[in-house]
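Only one structure is covered here, and it is reproduced in the block below.
Each reported figure results from applying straightforward, stated rules to the coordinates on display, with no laboratory input. Remember, it's a predicted structure, so these values are computed and weren't measured experimentally. Here the Cβ positions follow ideal geometry from the backbone for every residue, glycine too, while neighbour counts run over all protein chains shown.
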Amino acid sequence: MDELGAPERRRWQEVLLLVAVLAETVISALLAGSWVGLLQSAAIGVGGVALLWRHRHWRWLLPVLLVLNAFAWSVVLLVVVPYCYATRSPRRLPTFLVAVLAALSGLAPLSWTELGDDQLVGATGAALTVLIVAASAATGMYTATRRMLLAQLRQRAEQAESGQAVAQDQARRAERTRIAREMHDIVAHKISLVALQAGALEVNPSLDREQVQQSAALIRETATTALSELREVLGVLRGDGEEAPLAPQPTWEDVRRLVVTSQEAGISVDLFDFIDDPVPDALARTVYRVVQEGLTNIHKHALHTRARVALIGEPGTDMVVEISNVLPKGFTTDLPGARMGLSGIETRVTHAGGTITSGPTDDGRFEVKAVIPWPTAP
C-alpha cells in the first residue's frame, strides 16, 4: 500500500521514475563500448521497470534489485531502492542490512572495471557510493518516521474529535436533564397547589362568595406564577444570545415561604425552624428544592394528613432537613407521578456532598430526610 498521498501524486512519481530510468538506460547504451556495456544498459532498464512493483513486493524485490545492480551499476537503483525499503520497513536492522547490500552492489563494479586501476578514482567512487546510499537510507528513515508521527497525530486528532463529540453529547444530555428537573420543580409544585385549591372548591359547594373569590384568586396567582417561571425556563431554550437571562434563585426566606404557601392552600403542615445563622445561597437553594419536592408529594399523595417540616443545623456541621407526614389510609390521587422529583433532589443533595433517604418510619409516617454539609463562612 502506498503511503505517499493521493493517486495523482503516485502517478507523477512513477512517470518521473520511468523517465529517469529511460534516460540512464539510453546514456549507458550510448557510452557502452562493448557487449558487456549493452548488457549493463539492459539490466538498468529491467531493474528500473521492476521498480514499478516495489509497492506490493518490496520485501523481496528490492534486495533482488540490489543484487542485480552489482552488475548494472545503476545510480537510480542505488538511490531509489534503499530509500523505498527504509520508508516501508518497520525495523532498523533490516534497513541497515539493505543499506549495506546497496553499498556493496555499488562498490562491486569498481573491483573489476578499469576504474579499479586508479586508486584515487576508485577511492572517490567508493566514498561517493557510500555517501549516496547513506543519504538515501537516512532520507527514507526520516520519511518513515515523519509518516508515523503524522499518522499518530491524525489518530489523536480523530480521537480528540470523537471525544469532543461525546463530551458535547454528554453536556447536551446533562443540560436536558437539568432543564427537565427545573421544569419539574417549577410545574409540579405549583400545579399541585392549583389542583389542591380547585379540589377544595369542588368538595365544598357551600362556601360563601367571599371564600370562593379568595380561592379563585389564589388559584389564579399560583397558576400565573407557574406560567411565568415556566416561561423563563423556556426563554432560555429559545434565546439566541450566548448569555440567557437567569431567574432569581431561591433564598432561605423562600424556604419558609414554601411552607406558608402550603398552609394557605389548606395543607396541615407545621414548620420547625431551628436555624439562627445566615444560610449560604447554594445551601439554601438545595434545601429549597428538597422542601419543595417533599411538599409537592404531600400535596399529591397525602392531602388530608398532618405534615411537618423540620430544619436543624449550624455552620460547620450539617443541615438536616426533614419533611414528613402521617401515612394516609385509602387516599388516592389522579395527579401523575414518575419519581422524577425524588431522583432530581437526590442528584442535587449528592452533588452538594450530602445524603438523602425517603420511606416509611416506625411511627407510621413517611419521611424525606436530607443531611447536607454546612460549610463555615470563609
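For this structure, a couple of remarks:
- Peptides 357-366, 50-59 ordered by average Cβ neighbours within 10 Å, highest first: 50-59, 357-366
- Counting 0.36 nm for each residue step from residue 253 to residue 355 and taking away their Cα separation leaves a gain of 34.4 nm.
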